[in-house]
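**Q** Have a look at the structure that comes next, please.
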Amino acid sequence: MRIDNPEDIRAYYAGVADALIPHLAGHPVTVAAADGSFLGIERIETADDLDYLLQRGAVTLAVPLPDVQDSPVVPATRTVAWCTLHVASGEGTGIATAATAALALCESMTADGLTAVVTTDGSEGLYVRAMGPRARRKIGGRHGRVPVIDTARTGVDGPWEIASGYAEELARRAPEIATVDPRQADGRALIDASPSWPGNVTPVPYTLVTSPHSGVDQDARCRCVVPLDLDELAATTAGMPMDPGPQDVAGRLAARGDLAMALLDIGDDPRVG
């Protein structure tokens, strides 16, 4: 598959539409072309909506976090996005370092009663999203009592603050593997909370993405955002290769279903404790 071949693009999206469309429906979708140029903000509710945009050059699809604070009141069991972080491989590192940092973030989120969803970013990095019930939980507790203490990470007002709390805590706890300062990213994973800033967008699971060198003949391959399970993430920290591409997505969906299902606001999610 090539990012500069419209027929390849349409064929890929036709094969993943059933899994992709639920991640787009109900959201303002930022649409970009193969060269990264902005095509507009659209609503994509059906496969026909998607194909209409593909015929006009759409390649990458991204959405913002929902506004948890201002959203309509919904049952407390509803699953909503709390925050998104990007984990990049610093100079002199690779995907194993990013995976190590991402796994540590997942462990912290799980300890706080949230569900972590990890995807590739189409390059040498990962996205980590924290999901949970709309109602905040009291987490912690001592001396065997019922947990009643809210954590510093989740007892704050919005996605940016939550994301920053996770990023900064990991940088303090494990400075040998992670930092929030781009000037100190050599040899470490750079944890970036900016995807959680109001108005910023993140590529949705299964979207194609452009590489920094797209348009250059030697690097016009399609890349995509692929959900991972924690076993894959752990294996990557141990040095196993991890580079799922568009050609792998249909098979992964057939074998495992949508590993990013927790991102969908569909009511009770058995993975949210």
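The values are calculated or read from the model by the stated rules, or taken from the named source; none is laboratory data. This one's a predicted model, so the numbers in the text were calculated from it and none came from an experiment. Cβ coordinates were reconstructed from backbone atoms using ideal geometry, including for glycine residues, and neighbour counts include every protein chain displayed.
**Q** Would you mind finding the one in ARG172, ARG252 that is surrounded by fewer than 16 Cβ atoms within 10 Å (Cβ to Cβ), charged (D, E, K, R) and at pLDDT 95 or above? Let's see the steps before the verdict.
**A** On the way: ARG252 fails: surrounded by fewer than 16 Cβ atoms within 10 Å (Cβ to Cβ).
None of the others qualify; the one that does is ARG172.
**Q** While we're on this one: Return only the number of the condition from (1) of a type in the set (A, V, I, L, M, F, W, C); (2) modelled with pLDDT of 90 or more; (3) under 27 Å from PRO28 (Cβ atoms) that ALA235 does not satisfy.
**A** (3)
**Q** Please name all residue pairs, on different chains or six or more residues apart, with Cβ atoms under 9 Å, provided the first residue is in region 1-20 and is more than 13 Å from LEU54 (Cβ to Cβ) and the second residue is part of a helix (DSSP H, G or I) and among the hydroxyl-bearing types (Ser, Thr, Tyr).
**A** MET1/TYR12
**Q** Across region 1-41, what is the number of residues that are under 19 Å from LEU264 (Cα atoms) and among the charged types (D, E, K, R)?
**A** 1
**Q** Sort out which residues of region 12-45 are in contact with a Pro (Cβ under 7 Å, 6 or more places away or on another chain) and closer than 21 Å to ARG223 by Cα, and write them in order of number.
**A** TYR12, HIS23
**Q** Counting only residues that are surrounded by 15 or more Cβ atoms within 10 Å (Cβ to Cβ), modelled with pLDDT of 95 or more and β-branched (Val, Ile, Thr), give me the strands (runs of 3 or more DSSP E) lying completely in region 1-115 with at least 1 of them. Before you say what the answer is, go through the steps one by one.
**A** On the way: elements: 29-32, 38-42, 60-64, 79-89.
Where strands (runs of 3 or more DSSP E) fall fully within region 1-115 and carry at least 1 residues being surrounded by 15 or more Cβ atoms within 10 Å (Cβ to Cβ), modelled with pLDDT of 95 or more and β-branched (Val, Ile, Thr), they are 29-32, 60-64, 79-89.
**Q** When the residues of region 117-144 are narrowed to those that are surrounded by 21 or more Cβ atoms within 10 Å (Cβ to Cβ) and more than 21 Å from THR93 (Cβ to Cβ), which ends up modelled with the lowest pLDDT?
**A** PRO133
**Q** Further question: Farther than 23 Å from SER89 by Cα and modelled with pLDDT of 95 or more: is that true of GLY257 in this structure? Let's see the steps before the verdict.
**A** Working: farther than 23 Å from SER89 by Cα: yes; modelled with pLDDT of 95 or more: yes.
So GLY257 passes the test.
**Q** To continue, here is another question. Which members of region 117-128 meet the condition of being part of a strand (DSSP E or B) and free of Cβ contacts under 8 Å to residues at least 40 places away in the same chain?
**A** The initial filter retains those residues of region 117-128 that are part of a strand (DSSP E or B), namely 117-120, 125-128.
Once the filter is applied, which keeps residues that are part of a strand (DSSP E or B) and free of Cβ contacts under 8 Å to residues at least 40 places away in the same chain, region 117-128 yields only GLY125.
**Q** Here is a follow-up. In region 182-213, how many residues are without any contact (Cβ under 8 Å) to a residue 40 or more places away in the chain and of a type in the set (Ser, Thr, Tyr)? Spell out the reasoning first.
**A** Pass one, region 182-213, residues without any contact (Cβ under 8 Å) to a residue 40 or more places away in the chain: 182-184, 197, 213.
Now narrow it down to the ones that are of a type in the set (Ser, Thr, Tyr): none.
Total meeting the criteria: 0.
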